[in-house]
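Below is one structure, written out as structure tokens; the observations come after it.
The values are calculated or read from the model by the stated rules, or taken from the named source; none is laboratory data. Being a predicted model, the structure only gives us computed values, none of them experimental. Every residue, glycine among them, receives a Cβ derived from its backbone with ideal geometry; neighbour counts consider all protein chains shown. Accessible surface is based on the protein model in full, side chains and every heavy atom, while ligands, DNA and RNA are left aside. Shrake-Rupley method; radii C 1.70, N 1.55, O 1.52, S 1.80 Å.
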Amino acid sequence: MNMSQTAATSDLTALDLESMTADVVAMAMKAGASDAEAVAREGDEFSVNVRMGEVETLKESGSRALGLRVFLGKKTASASTSDLTADGIRQLVDGAMALAKVTEEDPFSGMPERDEFGALEGDLHLYYDDVYSLPNAERIEWARRAEAAAMASDARITNSDGGSFDAATGRKVLANSRGFVGGYRTSYAAVSAAPLAVDVNGAMQRDGWWSCARSFALLESPEAVGAEAARRTVRRLGAGRVPTQRVPIVFAPEVARSLIGSVFDAASGDAIWRHASFLAGKLGETIAHPSITIIDDNIMMLPTGVGGFGTSPFDGEGLPSRRTVVVENGVLRNYLLNTYTARKLGMKSTHNASRGLAGTPGIGCGNLFLEPGSPTKDEIIAAVPAGLYVTSLMGFGVNTVTGDYSRGATGLWIENGQLTHSVEEVTIAGNLREMLQNVTAIGNDLEFRSSVASPTLRIDGMTIAGA
Amino acid sequence: MTSASLPPVTNHKRYFFEKFGITERLLERCLGEALSAGGDYADLYFESVISTALGVDEQIVKSASQGTSAGCGIRVLSGERTGYAYTDNLSPERLLHAARTAALIASGPAKQPVQGFTETAAANLYPVPLGGFDLDLAARLELILRADKAARASDPRVVQVRASYSEELRRILIAASDGAFASDTQPLCRLNVFVIAREGALSTKGSAGAGGRAGLEQFAGSKSPEGLAQEAARGAILQLGAVAAPAGEMQVVLGPGWPGILLHEAVGHGLEADFNRKKTSAFAGLIGQPVASPKVTVVDNGTIAGRRGSLNVDDEGSATQETVLIEGGVLKGYLTDKLSARLTGAANTGSGRRESYQCIPMPRMTNTYMLAGDDSPEEILRSVNRGLYAVNFGGGQVDITNGKFVFSASEAYLIEDGKVTAPVRDATLIGNGPEALKYVSMVGNDLKLDEGIGTCGKDGQSVPVGVGMPTIKLDRMTVGGTGR
């Protein structure tokens with residue numbers, strides 16, 4: 001199969017995107033806006049999935065889009081478009097202005113002050129063009145190799161959802177009427193495998209593993225990814241339920257991270273000012289076990305010298321990225337805020353604004369993590385006489401307002417400190433208020449495989465519902 | 001007051017021909033280019049979406065936004081392989097470039113597309129109003145202002161109210177190498193109310209929403225802004241007095257309507273043909289086998305007028321239909337698209353959908369529901385000595401390989417000695433798809449479809465869907481509470 005090199009044939013260079021967003025801001029101001037902010041996104045992607053050794057899907061393309069937020073004093077509205085012609089941009093500006101006129105004055109609305117804007121200096125190492133360095137036939141080979149390695153690992157692996165290879169680059173630009181213009185490029189590559197195993201009774205299980213990085217050179221080998229995917233899949237075989245009971249739960253890192261994400265959501269300004277969070281009003285109070293320190297770091301480099309998955313030079317409003325301590329030794333130190341929510345709370349933005357193309361800015365994390373403790377994962381498990389080691393969670397059963405938590409779980413039963421049979425079709429439930437206080441062990445195995453990370457975690461007092 | 005609006009168009013395909021300069025000749029050239037390296041089939045999917053969203057918060061019209069996007073996705077099928085490329089620039093050069101990129105999935109002599117197009121005979125399930133799409137913002141703002149006012153007035157314990165309205169108009173045009181041609185204009189809107197209630201130190205939330213492929217006139221009766229506001233407030237207030245949900249396996253009664261998400265998760269995804277063709281679904285090879293109690297008949301129906309999950313044609317240009325998935329408990333068939341139908345020899349059920357022109361289509365649900373039975377809802381509740389009665393849910397999820405599914409109850413009550421008693425806090429229910437519906441022992445006579453706010457995610461692609469069910473009793477299901 002022959003294929004041309006990835007055609008990220010952008011009609012627009014970096015300079016063009018920046019001058020286009022500046023032009024859109026100028027147009028909006030000329031149309032009567034008191035303030036304006038434009039964002040431009042450009043991206044291209046390549047994706048191949050190989051299944052049972054054959055290419056199944058192959059996708060390659062790119063796109064760009066523009067968003068505009070305008071203010072008419074204390075009124076604001078936004079619009080987005082994929083039509084970057086003169087006509088399309090005219091309609092974008094007209095549309096946003098017309099909508100702003102139907103909104104009402106909100107005393108807290110408005111952009112940040114001029115002296116707040118800024119971007120981190122220097123190269124944050126967010127972009128590597130080596131993600132497209134492999135000739136296409138080899139990209140397909142990587143996907144094939146990941147799947148093949150998984151299938152060769154164990155005779156019980158007889159089917160597959162495939163091996164895949166993905167690469168993408170993107171560019172974000174933001175310009176506003178208060179003198180800020182900034183932009184940056186990002187890159188991404190990933191390889192994965194999703195094998196299926198069948199046990200003696202014909203029951204099927206599927207799992208997967210993946211490696212992703214900003215630089216192709218930092219990806220794990222397809223063989224390593226395939227072998228790990230196989231190990232996790234086979235580990236699920238013979239799964240059954242356990243009786244309803246209250247026992248310690250040990251969360252593997254890949255699921256523990258979702259708990260850290262829930263704390264971030266509950267500490268986010270939007271939920272806080274609305275009192276729609278179990279952490280509302282609790283700044284400065286002990287909300288978790290003293291061993292818990294949670295950081296949101298938007299500026300960190302990984303040990304490899306590459307920018308973290310959640311690293312950026314500036315937030316969604318153009319404020320320079322920073323590192324914020326969310327929880328320190330169990331005490332809630334900071335809410336995560338953008339300009340609007342900060343004003344609602346009489347505080348300052350923590351530079352956590354996230355920005356889609358249209359709509360009001362939200363709140364997003366950078367590199368969010370729980371600081372590691374000292375025991376190893378094995379030591380944590382060895383200390384559990386009877387309990388559940390959770391490796392996968394299902395469903396959306398987290399209520400940020402009340403803290404109620406109830407999700408489907410899969411994992412391995414712990415008996416006398418040993419991992420034993422596979423468990424599925426149970427739920428684990430509790431309330432985040434108590435769960436955070438009842439963290440009884442934090443592992444030393446913190447690894448950044450994505451922007452949200454956690455070590456292994458043990459929580460006591462939760463209820464398993466099963467047979 | 002209207003914002004910048006498009007010239008009124010009633011002929012779907014004329015929109016693309018006039019606005020983007022698409023011609024039949026260009027379509028033929030692109031299809032020819034797509035098959036220039038061989039392949040069995042190619043299609044072009046043009047899409048243009050305009051969306052509007054309005055929000056009221058703290059009694060202020062705080063947010064208003066609008067979006068426009070357009071593009072074309074070009075697909076080539078060769079055996080089991082799919083090549084795909086998309087472009088947001090609809091000039092002939094970029095379209096041909098995308099076609100050439102997609103063509104690289106095949107390697108062989110060129111194939112010729114069928115000469116001439118035949119338009120799919122399609123239903124007219126959601127007529128777009130005469131005179132085109134009228135963006136009367138004042139009428140839309142009135143809906144959310146009414147909802148906001150009614151929610152605030154409903155109970156002094158309601159402390160926060162947010163009401164939002166969103167709407168989109170999606171136009172599509174599909175041309176395929178087998179001569180198929182289809183176009184459609186798809187309206188979609190929804191109204192949502194979200195409240196926070198507080199009593200002492202306890203805060204709770206409640207929400208309600210409605211929508212569909214119809215105009216503002218649909219927001220009447222229980223779907224009126226006042227009806228939704230009262231429903232959202234009622235849900236939040238109820239939770240103020242809720243006790244711990246029980247934990248473990250028990251009898252469960254599900255109310256009508258949105259609890260039909262049970263079907264979407266337990267069997268719906270597992271019956272999508274792509275999973276079954278690849279034998280990765282727990283339902284593979286089970287056609288003709290009992291997968292539910294004999295009282296259970298489940299259908300997927302894309303042809304109901306005005307519903308959120310309905311479509312005149314699917315995103316491959318095939319007519320939609322009513323597909324019987326399970327009849328009297330027996331598995332009858334899967335939801336297919338063109339590729340699955342061709343590879344398995346099954347009929348195409350018109351279930352090929354995609355989130356946007358940037359995505360490859362695959363089998364998806366439309367409106368998925370269980371047919372009504374003969375039992376009365378009151379009888380059903382009286383028959384339970386100890387169990388759970390759940391009438392509203394948030395979302396759910398499923399692992400189609402091992403069949404395990406979950407859905408999270410947002411309004412549920414204990415049943416004690418046949419009577420509905422205390423409301424309980426949120427709990428997730430879990431079951432095993434190929435087995436769970438075998439425990440349906442009673443099916444009510446009160447089939448209801450949901451209010452029209454469902455969104456289904458699969459493989460990173462979201463599409464609007466509907467669900468429905470009568471009141472049913474499951475002799476057993478695991479309830480994920482914390483109480484004994």
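List of remarks:
- Interface size B-A, as summed buried accessible area [1.4 Å probe, Å², nearest 100]: 6400 Å²
- When A:265, A:270 are compared by accessible area of protein heavy atoms, the largest-first order is A:265, A:270, using a 1.4 Å probe.
- Chain A: relative contact order in percent, alpha carbon pairs under 8 Å with at least 6 residues between: 15 percent
- Between 0 and 90°, nearest 10: helix B:92-103 axis offset from chain B longest Cα axis: 80 degrees
- Per-residue [θ]222 nm for chain B (sum of -39500 (n - 2.57) over DSSP H runs n ≥ 4, rounded to 500): -5500 deg cm²/dmol
- Dipole magnitude (debye, nearest 20) for the protein assembly as shown, charges at Cβ of Lys, Arg, Asp, Glu: 900 debye
- Note on the stretch B:117-249: with charges restricted to the Cβ of Lys and Arg (+1) and Asp and Glu (-1), its dipole about the Cα centre is near 560 debye.
- In this structure, the pairs whose alpha-carbon distance is over 23 Å, taken from A:75/B:19; A:172/B:13; B:149/B:223; A:30/A:348, are A:75/B:19; A:172/B:13; A:30/A:348.
- Here the Debye sum runs over all C-alpha atoms of the stretch A:70-153 as equal scatterers in vacuum, and log10 of I(q)/I(0) at q = 0.11, 0.15, 0.24 Å⁻¹ comes out as -0.69, -0.81, -1.08.
- Taken over the protein assembly as shown, the ratio of Cα radius of gyration to 2.2 N^0.38 Å equals 0.91.
- Complex-versus-alone comparison for the stretch A:194-223, residues with a loss of 40 Å² or more in accessible area, probe 1.4 Å: A:204, A:206
- Delta accessible area of at least 30 Å² on complex formation, residues of the stretch B:75-108, 1.4 Å probe, chain isolated as reference: B:80, B:81, B:82, B:84, B:86, B:88, B:94, B:97, B:101, B:104, B:105
- Dipole magnitude (debye, nearest 20) for chain B, charges at Cβ of Lys, Arg, Asp, Glu: 540 debye
- The local environment of residue A:185, defined by Cβ-Cβ distances under 15 Å, has a net charge of -3 under the rule Lys, Arg +1 and Asp, Glu -1.
- Principal-axis analysis of the Cα atoms of chain A puts helix A:86-102 at an angle of about 90° to the longest axis.
- Debye-sum result for the stretch A:123-189 in log10 I(q)/I(0), which assumes one identical scatterer on each alpha carbon, at q = 0.18, 0.21, 0.25, 0.27 Å⁻¹: -0.78, -0.89, -1.03, -1.10
- Distance (nanometres) between label positions extended 7 Å along Cα→Cβ at residue A:245 and residue B:153: 5.6 nm
- The label point for residue B:14 and the one for residue A:52, both projected 7 Å from the Cα toward the Cβ, are 4.9 nm apart.
- Taking the protein heavy atoms of the stretch B:248-347 in the context of the full set of protein chains, the accessible area attributed to carbon and sulfur is 54 percent at 1.4 Å.
- Each label was represented as a point 7 Å from its Cα along the Cα-to-Cβ direction; for residue B:419 and residue A:26 these points are 7.6 nm apart.
- With a Förster radius of 35 Å applied to the beta-carbon distance between residue A:450 and residue A:201, the computed FRET efficiency rounds to 0.50.
- Rounded, prolate or oblate (a/c below 1.5 giving rounded, otherwise prolate when a/b exceeds b/c) for chain B by Cα gyration tensor: oblate
- Mean-position separation - Cα centroids, the stretch A:342-392 and the stretch A:48-99, in angstrom: 29 Å
- The stretch A:205-231 and the stretch A:405-467: distance between their alpha carbon centers, rounded to Å: 23 Å
- Taking all Cα pairs closer than 8 Å and separated by 6 or more residues, the relative contact order of chain B comes to 16 percent.
- Helix axis angle, B:24-34 relative to chain B longest principal axis, alpha carbon, degrees: 90 degrees
- Charge sum, other residues only, whose C-beta stays under 14 Å from residue B:382's C-beta, Lys/Arg counted +1 and Asp/Glu -1: -2
- FRET efficiency, residue A:434 to residue A:74 (Cβ-Cβ, R0 35 Å, nearest 0.05): 0.25
- Here's the picture: a label point sits 7 Å out from the Cα of residue A:301 along the beta-carbon direction, and within the stretch A:91-134 the residues with their amide nitrogen under 16 Å of it are A:120-128.
- The residue among A:230, A:321, A:157 whose Cα reaches farthest toward the positive pole of the charge dipole of chain A, with charges on the beta-carbon of Lys, Arg, Asp and Glu, is A:321.
- Given R0 = 56 Å, the distance between the Cβ atoms of residue B:287 and residue A:129 translates into a calculated FRET efficiency of 0.70.
- For the stretch B:301-337 versus the stretch B:158-228, the gap between their alpha-carbon centres in whole angstrom: 22 Å
- Backbone N within the stretch B:57-93 under 18 Å of label point (7 Å from residue A:85 Cα along the Cβ vector): B:68-73, B:87-93
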